[in-house]
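What follows is a set of notes on a single structure, which appears directly below.
The values are calculated or read from the model by the stated rules, or taken from the named source; none is laboratory data. Worth saying up front: this structure is predicted, and the values here are computed from it rather than measured. So basically every Cβ, Gly included, is an ideal-geometry build from the backbone, and we count neighbours across all protein chains shown. Calculation scope for accessible area: heavy atoms of the full protein, side chains included, ligands and nucleic acids excluded. Shrake-Rupley method; radii C 1.70, N 1.55, O 1.52, S 1.80 Å.
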Amino acid sequence: MKPVSPFREITPKGNHVAVRFEAADLMLPRGENLAGALLVAGVMPFRHTPVSGAPRGPFCMMGACFDCLVEIDGVTRQACMLQVTDGMEITMPAARGTDDA
Ligand code: FES
């Protein structure tokens, strides 16, 4: 994670809730797009590819590229298709398989 993000929050006075990404405790705006909120918080990368270990993060923000994959409650999901909710426990997806997507 980068300590300073080039992204800015649109509604900085929103209702923020506690979430965790890997070992980092974050306060993110409830109901906002999860991928966008993580970028604003300086989270990058979201995952590493299984074969080469290349870093990946949100690219399309519309559910097409799958570069924003994160794991929430043991399920791998697209962060750009989710809203921030209270208490999310987010981790990088575990490396599985041989596909380097
Ligand atoms: S950023 Fe492309 S699927 Fe989420």
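Nearest 5 is fine: what % of DSSP beta bridges in the chain come out antiparallel, could you say?
On the way: 15 of 17 bridges.
Looking only at bridges with both residues in the chain, the antiparallel portion is about 90 percent.
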Compare 27, 88, 62 by solvent-accessible area with a 1.4 Å probe and give them largest first, with all protein chains kept in place.
62, 27, 88
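Name the GluC sites (Glu not before Pro) in the range 2-58 that are in a loop by DSSP and that have at most 14 other C-beta atoms within 10 Å, would you? Intermediate results must be reported in sequence, preceding the final value.
Details: sites: 9, 22, 32; in loops: 9, 22, 32.
Passing sites in the range 2-58 are 22.
For the range 20-101, which chymotrypsin sites (Phe, Trp or Tyr not before Pro) pass both filters: DSSP loop (anything but H, G, I, E, B) and at most 16 other C-beta atoms within 10 Å? Intermediate results must be reported in sequence, preceding the final value.
On the way: sites: 21, 46, 59, 66; in loops: 46, 59, 66.
Sparse-neighbourhood loop chymotrypsin sites (Phe, Trp or Tyr not before Pro): 59, 66.
Using the heavy atoms of the protein chains and a 1.4 angstrom probe, tell me the accessible area per residue for the chain in square angstrom. Write out the running numbers ahead of the final one.
On the way: 5970 Å² over 101 residues.
Normalised by residue count, the accessible surface of the chain is 59 Å².
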With an 8 Å cut-off on Cα pairs and a minimum separation of 6 or more residues, tell me the relative contact order of the chain in percent.
31 percent
For residue 20 and residue 4, extending 7 Å from Cα along the Cα-Cβ vector and measuring point to point gives, in nm, a value of 2.9 nm
Projected onto the charge dipole of the chain (+1 at Lys/Arg Cβ, -1 at Asp/Glu Cβ, origin at the Cα centre), which of 6, 90, 79 gives the Cα projection farthest towards the positive end?
6
With every protein chain in place, the chain: carbon and sulfur % of accessible area (1.4 Å):
56 percent
Which value in nm describes the separation of the simple spin-label points at residue 62 and residue 13, placed 7 Å from the Cα toward the beta carbon?
3.3 nm
Residue 83's amide H: which non-local residues (gap 5+, or another chain) put their own amide H closer than 5 Å, with H modeled 1.01 Å from N in plane and none for Pro or chain starts?
34
Of 17, 40, ordered by accessible area with the largest first and a 1.4 Å probe, the sequence is 40, 17
Given 4 °C, 1.567 mPa s and a Kirkwood radius over Cα pairs, the Stokes-Einstein diffusion coefficient of the chain in µm²/s is 95 µm²/s
